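The structure under discussion appears below in the form of structure tokens.
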Amino acid sequence: MLTPKFAWFVLASYPILLLISLLLPIKHIKVIVFTILLAETLLVIALYFKGKYFS
């Protein structure tokens, strides 16, 4: 289930990861950040549907 504390963590991580991708001059940081954001989004969607349909 998606708890409010976890939801705030996910919301706070989006701007932090975007700032990291803009400030660090590592070659493939944008791909890494995009992968993390995609994984977080899929996890949130999965937890939402798990709480909605399987509780």
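With respect to being among the polar types (S, T, N, Q), modelled with pLDDT of 80 or more and either over 15 Å from the mean Cα position of the chain (by Cα) or at negative phi (or both), T35 fits the description. Within region 15-55, the residues that satisfy the criterion of being under 18 Å from T3 (Cα atoms) and among the aromatic types (F, W, Y) are Y48, F49, Y53, F54. Filtered by the rule that a residue be exposed (fewer than 12 other Cβ atoms within 10 Å of the Cβ) and farther than 17 Å from S21 by Cα, region 36-52 gives L42, I45, A46, F49, K52.
The values are calculated or read from the model by the stated rules, or taken from the named source; none is laboratory data. The structure presented is a predicted model; accordingly, all values stated were derived computationally and were not measured. Neighbour counts run over all protein chains shown; Cβ positions are idealised from the backbone, glycine included.
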